[in-house]
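First comes the structure, then the notes that go with it.
All of the numbers you see were taken from the coordinates with simple rules; none came from a lab. Because the structure is predicted, anything quoted here is derived from the model rather than measured. Quick reminder, even Gly has a Cβ in these numbers, built from the backbone with ideal geometry, and neighbours come from all protein chains shown.
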Amino acid sequence: MEGTMRHLPPEPLGSEITSESLYLRRREFIKGAALFTGTAAAVGTGLQLLSRRPTGSGGGGGGGGLEGSTPTVAGEVPKPKRPRGPYDTDETPTPYEDATTYNNFFEFGAAKGDPAENAHTLKPRPWTIVIDGEVAKPQRVDLDTMQAWFPLEDRVYRMRCVEAWSMVIPWLGFPLAGLLRRVEPTSKAKYVAFTTLKDPTQMPGQRTDTLEWPYVEGLRLDEALHPLTMLAVGMYGKVLPNQNGAPLRLVVPWKYGFKGIKSIVRISLTEKEPPTTWNLANEREYGFFANVNPQVAHPRWSQATERRIGELRRRPTLPFNGYAEQVASLYTGMDLRKYF
Ligand SMILES: Nc1nc2c(c(=O)[nH]1)N[C@H]1C(S)=C(S)[C@@H](COP(=O)(O)O)O[C@H]1N2
Ligand SMILES: [Mo]
């Protein structure tokens, strides 16, 4: 991704696509199907690691963890059985290794491999989140405390980057709606603004001016309250790796990936549409809504197809990233070419 004003390399590069495909193909040949079974088994197992809520506090939710595990025959590893939820895709999750080494997190560098290499300087605990603005109950809360308010849910979502690559990620988290209802938005609240940590000692990329810091994002309140919208604290059954936005990131699966702001420290309810980082960098190329839309090309590349990481052939991009049935009604009467 880039802002032309800031002279970052154009994406996606043809050469990058070729070398990436060859790399993935070679690796898949070596590791075979083990990668995929490994991924499936990982989902659920991290719930124990993550849940620090006291026993008895509603464990159900949409998650299942190991509750449904089948008893094991001698020597066999138990397979977690989780019924597919209403929002899960049944598509094969992207290998964990790819999801954690091919990242966009400009606070740690602009190259895809930079975050995995550099994000160890981020300290995800202790972590405080401020919730303020147009709410009856503003607060400053420790993340572990906040996490204990909600049962964790597994959600397998597609993620489509505006650069025309995509992944399938099993997230662990909770719907943003629950948090917003808890702080009681006032009648003036129309939008939700999110802010990433600003601390160049933890985030060395903030010493450069690739983007304006801190990274900021926003949603309209109805989008923020939609049941698909979640705050993630983990993925693949484990605590969120730093490079994926530890300890708390936004996930909005029908929008381009840049809406999924990482390492959130502040959530503010506002009356006016809040500024968003990529729109500030280049308003011609990145809008506020950023709904995945195969019919609206980026000024420098088509959005009609995408490269699913791990696959060789491109696949068609779906309206609202395949979530049209759930979210299209949020935009009835809106010109989605104008509000891109
Ligand atoms: N704070 C912050 N959040 C961010 C970004 C970033 O650079 N900084 N990149 C965004 C973009 S462009 C994408 S595609 C996703 C990538 O998430 P992933 O690395 O977990 O796949 O994070 C989004 N959230
Ligand atoms: Mo992105």
Note: probe point = Cα of Gln139 + 7 Å toward Cβ; backbone nitrogen < 16 Å; residues of the stretch 183-215 passing the test are 183-186
Could you list, in their original order, any pairs among Lys123/Lys262; Lys137/Lys262; Lys190/Lys272; Lys238/Lys262; Lys123/Lys259 whose Cα atoms are separated by more than 18 Å? Lys137/Lys262; Lys123/Lys259
Counting only residues 5 or more places away or on other chains, whose amide H sits under 5 Å from the amide H of Val135 once H atoms are built in the peptide plane? Thr186
Could you state the number of Å between the C-alpha centres of the stretch 292-339 and the stretch 184-253? 22 Å
Two pseudo-spin positions, 7 Å from Cα along C-beta at Gln326 and at Lys188, lie apart in nanometres by 3.3 nm
Give the residue list of trypsin sites (Lys or Arg not before Pro) in the stretch 224-273 that are DSSP loop and have at most 14 other beta-carbon atoms within 10 angstrom. Lys272
Using the Karplus curve 6.51 cos²θ - 1.76 cosθ + 1.60 with θ = phi - 60°, work out ³J(HN,Hα) for each residue of the stretch 188-196 in order, rounded to whole Hz, and write x for Gly and Pro. 7, 5, 10, 9, 10, 9, 10, 10, 7
For the stretch 204-277, which GluC sites (Glu not before Pro) are both in a DSSP coil and crowded by at most 16 other Cβ atoms within 10 Å? Glu212, Glu271
Taking Leu312, Leu330 and counting other C-beta atoms within 10 Å, the order from fewest to most: Leu312, Leu330
Fewest Cβ neighbours within 10 Å first, please rank His298, His120, His226 accordingly. His120, His298, His226
Starting from the Cα of Arg337, step 7 Å along the direction of its Cβ; do the same at Asp90; then give the gap between the two resulting points in nm. 3.7 nm
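Sorting Ser268, Ser187 on the 10 Å Cβ count, fewest up front, what's the list? If you can, show how the numbers build up before the last one.
Numbers: Ser268 20, Ser187 7.
Result, fewest neighbours first: Ser187, Ser268.
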Rough spin-label spacing in nm, given labels placed 7 Å along Cα→Cβ, for Arg300 and Glu273: 2.3 nm
